[in-house]
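Step one of this worksheet: look at the structure below.
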Amino acid sequence: MQLRAEEISNIIKKQIQSYEKVALTMETGTVLSVGDGIARIYGLEGAMAGELLEFPGGLMGLVLNLESDNVGAAIFGDATGVKEGAIVKRTGRIMEVTVGEALVGRIVNALGIPIDGKGPVESPHRRRVELKAPGIIARQPVKEPLQTGIKAIDAMIPIGRGQRELIIGDRQTGKTAIALDTIINQKGKGVFCFYVAIGQKQSTVAAVVDKLTQHGAMEYTTVIMAGASDSAPLQFIAPYTGVTLAEYFRDTGRHALVVYDDLSKQAVAYRQLSLLLRRPPGREAYPGDVFYVHSRLLERAAKLAEEWAALPKGSTWENKGTAKVHAGEEGKHKAEAEAKEKGDGFEAVRNPHSGGSLTALPIIETQGGDVSAYIPTNVISITDGQIFLETDLFFSGVRPAINVGISVSRVGGSAQIKAMKGIAGTLKLDLAQYREKAAFSQFASDLDKVTRDMLERGSRLVEILKQGQYVPLPVEKQVVIIYAATKGYVDAIPTAQLHKYEMDLYSFLDGKHPDIFETLRTKKAIDKDLEPKLKSALEAFGKTFGNGSN
């Protein structure tokens, strides 16, 4: 009987496959040492970086260090039951979490397991927690606004879908308030929101969930929580779980917003893990790769390019077969040209699962307003701009307490509607001039008329940009009040009455000129037809408001 080479290779392949399965089930390790949520394990020679391990008592762990004679792993949960000599099993799985629509409206822990008492999550979809960020070709420029509903931000520091905008400031300056207002403002806009609470008290997170529920925002929001009482490994992994849940929506052609509140606490948790794992400390006695921890998290925020192909009319993307796929705006033109070339029976068809976006709002807490410290400078250099909140402004009653000088959006006007872009340019300039002149003029007794007028205008602009919490404004209302302020319609109104002026103006336009708001909402621009109407409405209201206030 002769054996052919092909048969021999098949037999060997089968034996190797079965050997790997047996090896995996049989490969167990022994805990050498354990402390502060970190275990060193001997005997797991085939373990992979990022693999899940099974500890006694149903606890799970994550392989972080692969060394010559042992494996360093972080234990998720209470590790007090894990003792030296305990048996640890490999699972053969790289860490992954359940994702999908089933998680919308839920509160989950850092491992994606529900903790809201509403039962388990039923979803067929799972994703790895550590994934490579999309490359340059897969992306498109950020050009679609993500409205926060906050006048000062949407006018001067605009955020676009797919952007990473840092919210930075000392504790108790309103950082979380800005993030929550942004989430509340996404109602009805088709944006799925994810709020990641890192190292916060459970009572604080409960208050956040309560506010989101009151404003109907929990209908499209998922809360990922790694509380102050949770171990460092859970606080470290929570933001990665949050971005993984959000990426599912980005990669299915929809829009997502993820808030990391806050990454300072994740950095502290990672530092604790790293030093226990004996990773080398870097600058300022921090583990050197804390920059990489934040960069690989934030790089996953992106606006993905749309995919196009020339297909027979009436066919869906699933039937594209071997048709050539083109990406981006240029890809659309290529697909259209290709369809024209093929004849009347063809058209350019868009992949419905392309063109999604993931916007990130990381929060960083500073000490004494020092943005030049290690972690703040790290995250500033990774993100596309920052909103800097100042303690002095907050306590002087300017809320949101945004320092216009340091705050910046590197996307700029690309993330604004045309109407806002047209009027906001002068706003930032006027405010900057006001801040400069106000600093010098506080010691001067005699000022010329030009300087006095500039100071008067600036103080009114500051007052107009003040806004309460949980009252985000639609962009058309923002455009109207900023237009009124920058074009001089509020110059004669006492500063103390500006809030009343704003509220009454909205009521007046809603009742007498609803077409102005409607035109701004649909056309998103102040064109030559709308501007005269807006001017006459503001003049008419100015007269009635003046009469009513005397």
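The values are calculated or read from the model by the stated rules, or taken from the named source; none is laboratory data. Worth saying up front: this structure is predicted, and the values here are computed from it rather than measured. Cβ placement follows ideal geometry from the backbone for every residue including glycine, while neighbour counts extend to all protein chains displayed. Each accessible area value is taken on the protein alone, full model and side chains, heavy atoms only, with ligands, DNA and RNA left out. Shrake-Rupley method; radii C 1.70, N 1.55, O 1.52, S 1.80 Å.
Does Val142 fit the bill of being under 16 Å from the mean Cα position of the chain (by Cα), open to solvent by 10 Å² or more (accessible area, probe 1.4 Å) and among the hydrophobic types (A, V, I, L, M, F, W, C)? Give the steps one after another, and end with the answer.
Values: under 16 Å from the mean Cα position of the chain (by Cα): yes; open to solvent by 10 Å² or more (accessible area, probe 1.4 Å): yes; among the hydrophobic types (A, V, I, L, M, F, W, C): yes.
For Val142, the condition - under 16 Å from the mean Cα position of the chain (by Cα), open to solvent by 10 Å² or more (accessible area, probe 1.4 Å) and among the hydrophobic types (A, V, I, L, M, F, W, C) - is met.
Using beta carbons and a limit of 9 Å, which pairs, at least six apart or on different chains, have the first residue in the range 344-358 and of a type in the set (Asp, Glu) and the second one crowded, with 18+ Cβ neighbours inside 10 Å?
Every condition considered, the pairs that remain are Glu347/Ala310; Glu347/Leu311; Glu347/Ala335; Glu347/Ala339.
Filter the range 412-421 down to residues that are open to solvent by less than 50 Å² (accessible area, probe 1.4 Å), at pLDDT 90 or above and out of contact with any Lys or Arg (no Cβ under 8 Å at 6 or more places or on another chain), then give me how many there are.
First, the residues of the range 412-421 that are open to solvent by less than 50 Å² (accessible area, probe 1.4 Å): 412-413, 415-417, 419-420.
Cutting the leftovers down to at pLDDT 90 or above gives us 415-417, 419-420.
In the following step, the residues that additionally are out of contact with any Lys or Arg (no Cβ under 8 Å at 6 or more places or on another chain) were identified as 416, 420.
Within the range 412-421, residues that are open to solvent by less than 50 Å² (accessible area, probe 1.4 Å), at pLDDT 90 or above and out of contact with any Lys or Arg (no Cβ under 8 Å at 6 or more places or on another chain) number 2.
Only one residue in Thr383, Thr366 is modelled with pLDDT of 95 or more and surrounded by fewer than 22 Cβ atoms within 10 Å (Cβ to Cβ), so which one is that?
Details: Thr383 fails: surrounded by fewer than 22 Cβ atoms within 10 Å (Cβ to Cβ).
Step by step, each of Thr383, Thr366 is checked, and only Thr366 is modelled with pLDDT of 95 or more and surrounded by fewer than 22 Cβ atoms within 10 Å (Cβ to Cβ).
Do we have any residue at all in the range 433-451 that's within 31 Å of the chain's Cα centre (by Cα) and at positive phi?
Residues of the range 433-451 within 31 Å of the chain's Cα centre (by Cα): 435.
Right, trim to at positive phi and you get none.
Looking for residues that are within 31 Å of the chain's Cα centre (by Cα) and at positive phi, one finds none in the range 433-451, hence no.
Are any residues in the range 289-324 among the β-branched types (Val, Ile, Thr), crowded, with 16+ Cβ neighbours inside 10 Å and more than 20 Å from Thr359 (Cα to Cα), and if so, which ones?
First, the residues of the range 289-324 that are among the β-branched types (Val, Ile, Thr): 290, 293, 316, 322.
Okay, now just the ones that are also crowded, with 16+ Cβ neighbours inside 10 Å, so 290, 293.
If the condition is that a residue be among the β-branched types (Val, Ile, Thr), crowded, with 16+ Cβ neighbours inside 10 Å and more than 20 Å from Thr359 (Cα to Cα), then Val290 is the only one that fits.
Tell me, yes or no, whether the range 69-77 has at least one residue that is under 30 Å from Gln163 (Cα atoms) and open to solvent by less than 30 Å² (accessible area, probe 1.4 Å). I'd like the intermediate steps shown before the answer.
Just the residues of the range 69-77 that are under 30 Å from Gln163 (Cα atoms), to begin with: none.
No, because not a single residue in the range 69-77 is under 30 Å from Gln163 (Cα atoms) and open to solvent by less than 30 Å² (accessible area, probe 1.4 Å).
Evaluate the following for Ala133: is it among the hydrophobic types (A, V, I, L, M, F, W, C), within 18 Å of the chain's Cα centre (by Cα) and open to solvent by 20 Å² or more (accessible area, probe 1.4 Å)?
On the way: among the hydrophobic types (A, V, I, L, M, F, W, C): yes; within 18 Å of the chain's Cα centre (by Cα): yes; open to solvent by 20 Å² or more (accessible area, probe 1.4 Å): yes.
Yes.
Sort out which residues of the range 512-535 are in a helix (DSSP H, G or I), open to solvent by less than 60 Å² (accessible area, probe 1.4 Å) and without any contact (Cβ under 8 Å) to a residue 60 or more places away in the chain, and write them in order of number.
Ile516, Phe517, Thr519, Leu530, Glu531, Leu534 - these are the residues of the range 512-535 that are in a helix (DSSP H, G or I), open to solvent by less than 60 Å² (accessible area, probe 1.4 Å) and without any contact (Cβ under 8 Å) to a residue 60 or more places away in the chain.
Considering each residue of the range 139-171, count those that are in a helix (DSSP H, G or I) and in contact with a Pro (Cβ under 7 Å, 6 or more places away or on another chain), and give that number.
Initial filter on the range 139-171 (in a helix (DSSP H, G or I)): 151-156.
Of the ones still in play, those that are also in contact with a Pro (Cβ under 7 Å, 6 or more places away or on another chain) are 152.
Looking only at that region, the number is 1.
Between a residue in the range 59-83 that is under 13 Å from Asp36 (Cα atoms) and modelled with pLDDT of 90 or more and any residue that is open to solvent by 50 Å² or more (accessible area, probe 1.4 Å) and β-branched (Val, Ile, Thr), which pairs come within a Cβ distance under 9 Å, given they are 6 or more apart or on different chains?
Partner pairs satisfying both residue conditions: Ile75/Val34; Val82/Val34; Lys83/Val34.
Specify the residue that is modelled with the lowest pLDDT; the eligible residues are those in the range 177-192 that are open to solvent by 40 Å² or more (accessible area, probe 1.4 Å) and either in contact with a Lys or Arg (Cβ under 8 Å, 6 or more places away or on another chain) or not in a loop (DSSP other than H, G, I, E, B) (or both). Steps first, please.
Residues of the range 177-192 that are open to solvent by 40 Å² or more (accessible area, probe 1.4 Å), as a first pass: 187-190, 192.
Of the ones still in play, those that are also either in contact with a Lys or Arg (Cβ under 8 Å, 6 or more places away or on another chain) or not in a loop (DSSP other than H, G, I, E, B) (or both) are 190, 192.
Details: Gly190: 94, Phe192: 98.
Ranking the candidates gives Gly190 first.
Restricting to the range 193-216, name every residue that is closer than 22 Å to Ser357 by Cβ and crowded, with 23+ Cβ neighbours inside 10 Å.
Quick first cut of the range 193-216, residues closer than 22 Å to Ser357 by Cβ only: 193-196, 212.
Correct list: Cys193, Phe194, Tyr195, Val196.
Can you go through Val209, Val205, Val142 and tell me which one is hydrophobic (A, V, I, L, M, F, W, C) and modelled with pLDDT under 95? Show your work before the answer.
Values: Val209 fails: modelled with pLDDT under 95; Val205 fails: modelled with pLDDT under 95.
Step by step, each of Val209, Val205, Val142 is checked, and only Val142 is hydrophobic (A, V, I, L, M, F, W, C) and modelled with pLDDT under 95.
Taking interchain pairs and intrachain pairs at least six residues apart, which have beta carbon atoms under 7 angstrom, with the first residue in the range 368-388 and over 20 Å from Ile153 (Cα atoms) and without any contact (Cβ under 8 Å) to a residue 24 or more places away in the chain and the second part of a helix (DSSP H, G or I) and open to solvent by less than 20 Å² (accessible area, probe 1.4 Å)?
Here the result reads none, with nothing in the range 368-388 linked to a residue that is part of a helix (DSSP H, G or I) and open to solvent by less than 20 Å² (accessible area, probe 1.4 Å).
Looking only at the range 389-404, decide whether some residue is open to solvent by less than 60 Å² (accessible area, probe 1.4 Å) and farther than 19 Å from Thr173 by Cα.
First pass over the range 389-404, keeping only residues open to solvent by less than 60 Å² (accessible area, probe 1.4 Å): 389-391, 393-394, 397-398, 400-404.
Still in the list and also farther than 19 Å from Thr173 by Cα: none.
There is no residue in the range 389-404 that is open to solvent by less than 60 Å² (accessible area, probe 1.4 Å) and farther than 19 Å from Thr173 by Cα.
Is it fair to say Arg283 is touching a helix residue (DSSP H, G or I) at 6+ places or on another chain (Cβ under 8 Å), under 28 Å from Tyr240 (Cα atoms), touching a residue at least 40 places away in the same chain (Cβ under 8 Å) and open to solvent by 80 Å² or more (accessible area, probe 1.4 Å)?
On the way: touching a helix residue (DSSP H, G or I) at 6+ places or on another chain (Cβ under 8 Å): yes; under 28 Å from Tyr240 (Cα atoms): yes; touching a residue at least 40 places away in the same chain (Cβ under 8 Å): yes; open to solvent by 80 Å² or more (accessible area, probe 1.4 Å): yes.
Yes; evaluated as a whole, the condition is true for this residue.
In the range 468-500, what residues are within 21 Å of Ile153 (Cα to Cα), outside any loop (DSSP other than H, G, I, E, B) and not small (Gly, Ala, Ser)?
Matches in the range 468-500: Val475, Glu476, Lys477, Gln478, Val479, Val480, Ile481, Ile482, Tyr483, Thr486, Leu498, His499.
Run Gly135 past the list (1) within 22 Å of Leu297 (Cβ to Cβ); (2) in contact with a His (Cβ under 6 Å, 6 or more places away or on another chain) and report the number of the one that doesn't hold.
That leaves (2) as the condition not met.
Residues in the range 427-436: is at least one touching a residue at least 24 places away in the same chain (Cβ under 8 Å), of a type in the set (A, V, I, L, M) and open to solvent by 50 Å² or more (accessible area, probe 1.4 Å)? Working first, answer last.
To start, the set of residues in the range 427-436 that are touching a residue at least 24 places away in the same chain (Cβ under 8 Å) comprises 427-428, 430-435.
Of the ones still in play, those that are also of a type in the set (A, V, I, L, M) are 427, 431-432.
So of that shortlist, the ones also open to solvent by 50 Å² or more (accessible area, probe 1.4 Å) come out as 432.
Yes: the range 427-436 contains one or more residues that are touching a residue at least 24 places away in the same chain (Cβ under 8 Å), of a type in the set (A, V, I, L, M) and open to solvent by 50 Å² or more (accessible area, probe 1.4 Å).
From the list Ala217, Ala207, pick out the single residue that is without any contact (Cβ under 8 Å) to a residue 40 or more places away in the chain, closer than 21 Å to Gly468 by Cβ and assigned to a loop (DSSP other than H, G, I, E, B). Break it down into steps so the answer makes sense when it comes.
Numbers: Ala207 fails: assigned to a loop (DSSP other than H, G, I, E, B).
None of the others qualify; the one that does is Ala217.
Testing Ile157 on (1) touching a Leu at 6+ places or on another chain (Cβ under 9 Å); (2) over 23 Å from Ala226 (Cα atoms); (3) surrounded by 18 or more Cβ atoms within 10 Å (Cβ to Cβ), one condition comes back false. Which one is that?
If we test Ile157 against (1) touching a Leu at 6+ places or on another chain (Cβ under 9 Å); (2) over 23 Å from Ala226 (Cα atoms); (3) surrounded by 18 or more Cβ atoms within 10 Å (Cβ to Cβ), just (1) comes out false.
Do we have any residue at all in the range 88-96 that's in a loop (DSSP other than H, G, I, E, B) and closer than 23 Å to Ala256 by Cβ? Let's see the steps before the verdict.
Going residue by residue through the range 88-96, those that are in a loop (DSSP other than H, G, I, E, B) are 95.
The next check asks that each one be closer than 23 Å to Ala256 by Cβ; those that pass are 95.
Checking the range 88-96: at least one residue is in a loop (DSSP other than H, G, I, E, B) and closer than 23 Å to Ala256 by Cβ.
Could you check the range 328-422 for helices (runs of 4 or more DSSP H) lying wholly inside it with 3 or more residues that are aliphatic (A, V, I, L, M) and either over 25 Å from the mean Cα position of the chain (by Cα) or farther than 17 Å from Asp262 by Cβ (or both)? Even if it seems obvious, please write down each step before you answer.
Working: elements: 328-342, 374-382, 391-395.
Answer list for the range 328-422: 328-342.
Among (1) modelled with pLDDT under 95; (2) surrounded by 14 or more Cβ atoms within 10 Å (Cβ to Cβ); (3) assigned to a loop (DSSP other than H, G, I, E, B), there is one condition Gly105 misses while meeting the rest; what is its number?
(1)
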